[in-house]
Amino acid sequence: MKKLFLVANWKSNKTNAEAKSWLKEITNYELRITNKEIIICPPFTLLSGMKALIEKKKLLFKLGAQNLSPFDAGAYTGEINAKQIKEFADYVIIGHSERRNNFGETEEILSEKAKKAMAVDLTPIYCIQNETTPVPKGVILVAYEPPTAIGTGNPDTPENAERVAKIVKEKYPHIASIFYGGSVTQDNIRSFVEMAHISGVLVGGASLDVLKFTALIKNA
Ligand code: 13P
């Protein structure tokens with residue numbers, strides 16, 4: 001059985017109280033997660049509290065950030081650097097199309113971010129929009145997220161996602177795992193993860209709700 005990565009990208013959602021109640025609620029479910037790596041990526045403000053609760057309740061979730069500074073510590077007002085994130089998380093999403101489109105992040109900036117993450121052993125989950133998006137050197141986890149599928153209820157077909165994943169894997173043989181993201185639900189998750197070159201998903205909307213997310217984990 002291949003190892004599956006289920007990544008919850010909460011985007012700019014949830015307060016501290018809401019995150020706590022999500023974690024409390026999810027402990028009511030018996031999740032079978034052998035061979036599954038479940039990574040929750042909340043906003044920065046929630047990382048510390050969630051880490052403490054996950055440890056206290058001995059939950060088998062990993063944490064990830066959604067972004068990081070392309071700089072080290074220093075005079076960069078408003079930025080959170082890799083070393084600060086590494087205190088609380090093992091992963092970081094880099095290059096999501098919402099960052100590329102709304103915050104003008106270029107390939108050059110994103111490649112700098114990937115370097116900063118890897119320098120402190122924070123694993124990038126590097127998002128690509130199609131098979132032509134470049135993947136920085138050293139990145140081993142890649143998420144294919146076609147912008148038209150994000151938040152639209154209109155996912156790519158598993159066959160096309162597989163086609164893209166196969167091309168990318170051939171182009172960058174050092175990549176260990178490729179995920180699919182974009183309108184993933186409890187009903188379609190299986191059709192994606194059963195593809196030969198897809199070993200996980202990035203879930204936005206459906207990860208915010210415990211009922212939907214636990215069903216998705218169960219169906220993966
Ligand atoms: P949705 O699952 O809401 O379409 O979002 C996908 C996404 O952007 C995950 O990173």
Could you work out the Kirkwood radius for segment 5-59, taking every pair of different alpha carbons, averaging 1/r and inverting it, reported in Å? 11.9
In straight Cα distance, which aspartates and glutamates are under 12 Å from residue 14, not counting same-chain residues fewer than 8 positions off? 209
From the gyration tensor of the Cα coordinates in segment 21-121, what semi-axes in whole Å does the equivalent ellipsoid have, largest first, with each one equal to sqrt(5λ)? 28, 15, 13
With at most 15 neighbouring Cβ atoms within 10 Å, loop chymotrypsin sites (Phe, Trp or Tyr not before Pro) (DSSP) excluded, longest segment of the chain: 77-220
Length gained when the stretch residue 71-residue 190 is fully extended (0.36 nm per residue, less Cα-Cα span): 39.0 nm
Cut-off 16 Å, label point 7 angstrom out along Cα-to-Cβ of residue 2: give me the residues of segment 183-220 whose amide nitrogen falls inside. 189-202, 220
Note to self: Kirkwood Rh of the chain, Cα pairs, one decimal, Å, is 17.4
With residue 183 itself left out, Lys, Arg at +1 and Asp, Glu at -1 over residues whose Cβ is under 12 Å from its Cβ give -3
Pulled fully out, how much extra length does the chain show between residue 83 and residue 21, if you take 0.36 nm times their separation in residues and subtract their Cα-Cα distance? 19.5 nm
Cross-link partners of residue 218 among lysines (Cα-Cα below 16 Å; sequence separation of 8 or more within a chain): 2, 3, 36
Which shape class applies to segment 138-192: rounded if a/c is under 1.5, otherwise prolate when a/b exceeds b/c and oblate if not, where a ≥ b ≥ c are the square roots of the Cα gyration tensor eigenvalues? prolate
Test of the criteria: in segment 1-92, which GluC sites (Glu not before Pro) are in a DSSP loop and have at most 12 other Cβ atoms within 10 angstrom of their Cβ? 30, 87
Gain in length, residue 159 to residue 57, computed as 0.36 nm per residue apart minus the alpha-carbon separation, to one decimal in nm? 32.8 nm
Straight-line reach only, C-alpha to C-alpha below 18 angstrom: list the lysines that residue 83 could link to, leaving out same-chain residues fewer than 8 apart. 51, 62, 113, 115, 116
Go through segment 26-90 and name the trypsin sites (Lys or Arg not before Pro) that are in a DSSP coil and have 11 or fewer other Cβ atoms within 10 Å of their Cβ. 32, 58
Return the calculated 222 nm mean residue ellipticity for the chain, to the nearest 500 deg cm²/dmol, obtained by summing -39500 (n - 2.57) across DSSP H runs with n ≥ 4 and dividing by the residue count. -10500 deg cm²/dmol
In segment 105-144, which trypsin sites (Lys or Arg not before Pro) are in a loop and have at most 11 other Cβ atoms within 10 Å, using DSSP for the loop call? 137
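Bear in mind these aren't lab numbers, they're just calculated from the coordinates by the rules spelled out. Nothing here was measured: the structure is a model prediction, and the numbers come from that model. We place every Cβ from the backbone using ideal geometry, glycine too, and count neighbours over all the protein chains shown.
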